[in-house]
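Comments concern the structure below.
Throughout, read-outs are computed from the coordinates displayed, never taken from laboratory work. The shown structure was predicted, so the numbers you read here are calculated from the model rather than taken from an experiment. Using ideal geometry, Cβ is built from the backbone for each residue, glycine included, and neighbour counts are taken over all protein chains shown.
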Amino acid sequence: MAKASLVFGVTYHGSTDIAATGLDNVYGKHISAGKLREQLTWLARRFRIMTINQILEHSRKGTLPAKALFIAFHDGYRGNYQTAFPILKELGVQVDFFIPTAFIGTERRFWVDILDAALKYTSRPSLTLTSEDGETTIALQNETLRMQAAQKLRNRVKALPEIAFEVEFKRILKGLGWENPQDVPSLGDHAACLDWDQVREMTQTGMSFGSHTHSHMICAPQKEAIAREEMAKSKALIEQETGQPCLNFCYPNGSFPYSGNEATDRLAKAVGYHSALYMIHAPNLIHPGTFRLTGAAMGDDTSRDQLARSVSRLRYFWRRFRGNKIWLWEKDSL
Ligand SMILES: [Zn+2]
């Protein structure tokens, strides 16, 4: 087996110039400019931040330096252009952006963002939902209750198959006072998606764009032909729009084996990708045969100390599993 090198991966989603809290920023998914600058500066002092393509290329040539780290921004939020991009340029850091191509250049929104906005702006004091198990009433009188509702409603719909999801999601919006998803106000410009001009401008400074499927689809539960189409279409679009090869793939939701698994990894490889990224808190053992990658999720609710602890946890994993042939990610990518 070729020599494997330890590489950490860090994952962000959106970023914003205005400090957003509550329903504007559930799970702290839009990191504020100040925190992002602080975290990136901290990481840049300790690691060699490189794009995934650079890391894999170095690994193939046997020139991968110690302490390599990649940073991935998921979802293609416009705040990544408005807030993160200037900071990345200022720090001279090149990162990977993973975009769902059906959203790029449109005002299309992710269902979780529509849900959070629907809860933020609703005038209803409660939401009553019926199912086979009976009637549930969710109280919405204050911000804390609405935040709890955001979580409950995510759990209620996220695993539903497509048609059942559409029906239930519409029912929820109706219960909150909106006939259609389009009627729900936006959470702000930073929470909309990038357009292709912004993507091209970022590409020209060395930022790398990979696929996050076409329609932000959870791949593993899909029929193979549908997952393949999502992977191939997004790859072709990114290549056509940027003029650069799109070599890396990132699973929406990012969990194993719910979002991606051995079968979807094989599919991504067959479509022409060089790697598939999961959102899991584990270090990467990079060698010339590596396909599966992991990135640890960070957000606006991650403090600098937590980031430091998170990195030492990755180091702990590394020491613990070093040389262990049954290490999950290593075994599966050989
Ligand atoms: Zn995503």
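Summing Lys and Arg as +1 and Asp and Glu as -1 over all other residues whose Cβ lies under 10 Å from the Cβ of residue 100 gives a net charge of -1. Measuring against 22 Å, Cα to Cα, the residue pairs 67/269; 158/233; 120/170 contain 67/269; 158/233 as the ones spanning a longer distance.
The tail of the calculated P(r) for segment 112-252, taken as Cα-Cα distances beyond 26 Å, holds 41 percent of the pairs.
Sites counted here are GluC sites (Glu not before Pro) in a DSSP loop (not H, G, I, E or B) having no more than 15 other Cβ atoms within 10 Å; the longest part of the chain that contains none of them is 180-334.
The Cα trace of the chain gives Rg and Dmax of 20.1, 61 Å, the first to one decimal, the second as a whole number. Couplings 3J(HN,Hα) for segment 206-214, derived from phi with the Karplus relation 6.51 cos²θ - 1.76 cosθ + 1.60 (θ = phi - 60°), are x, 6, 10, 10, x, 8, 10, 6, 7 Hz, where x marks Gly and Pro.
With N the number of residues in segment 69-163, Rg(Cα) / (2.2 N^0.38 Å) evaluates to 1.45. Kirkwood's formula applied to the C-alpha pairs of segment 1-54 gives a hydrodynamic radius of 13.3 angstrom. Ordered by the count of other Cβ atoms within 10 Å of each Cβ, fewest first, 278, 251 give 278, 251.
The amide H of residue 294, built 1.01 Å from its N in the peptide plane, has 278 as neighbours under 5 Å, considering only residues 5 or more places off or on other chains.
Scaling the Cα radius of gyration of segment 111-183 by the globular reference 2.2 N^0.38 Å produces a ratio of 1.01. Once the Cβ-Cβ distance of residue 124 and residue 195 is raised to the sixth power relative to R0 = 30 Å, the FRET efficiency obtained is 0.30. Phi angles of segment 180-191 translate, via the Karplus equation with coefficients 6.51, -1.76, 1.60 and θ = phi - 60°, into HN-Hα couplings of 10, x, 5, 6, 6, x, 7, 7, x, 4, 5, 8 Hz per residue; Gly and Pro are given as x. In order along segment 289-295, phi translates into HN-Hα couplings of x, 4, 10, 8, 10, 10, x Hz, rounded to whole numbers, per the Karplus curve 6.51 cos²θ - 1.76 cosθ + 1.60 with θ = phi - 60° and x for Gly and Pro. Annotation note: trypsin sites (Lys or Arg not before Pro) in segment 119-216 located in DSSP loop regions with a Cβ neighbour count of at most 13 within 10 Å are 158. Across segment 204-281, Cα pairs under 8 Å and at least six residues apart give a relative contact order of 35 percent. Within segment 236-280, what residues put their amide N at less than 13 Å from the label point 7 Å along the Cα-to-Cβ vector of residue 313? In segment 236-280, the label zone of residue 313 (backbone N under 13 Å from the point 7 Å along Cα→Cβ) covers 280.
For the chain, the mean residue ellipticity at 222 nm estimated from helices alone is -12500 deg cm²/dmol, where every DSSP H run of n ≥ 4 contributes -39500 (n - 2.57) and the total is divided by all residues, rounded to the nearest 500. Among the trypsin sites (Lys or Arg not before Pro) in segment 25-74, those located in a DSSP loop and surrounded by at most 13 other Cβ atoms within 10 Å of their own Cβ are 67. Using amide H atoms built in the peptide plane, which far-off residues or other-chain residues are under 5 Å from residue 126 H to H? When sequence neighbours closer than 5 places are left aside, the close amide H contacts are 140. Contact order, relative form, for segment 111-183: 34 percent (alpha carbon pairs under 8 Å, 6 or more residues apart, mean separation divided by residue count). Among 93, 184, a tally of other beta-carbon atoms within 10 Å of each Cβ gives an order, fewest to most, of 93, 184.
The modelled label-to-label distance for the pair residue 18/residue 42, using points 7 Å beyond Cα in the direction of Cβ, is 2.6 nm.
Among 81, 316, sorting on how many other beta-carbon atoms sit within 10 Å of each Cβ, with the fewest leading, yields 316, 81.
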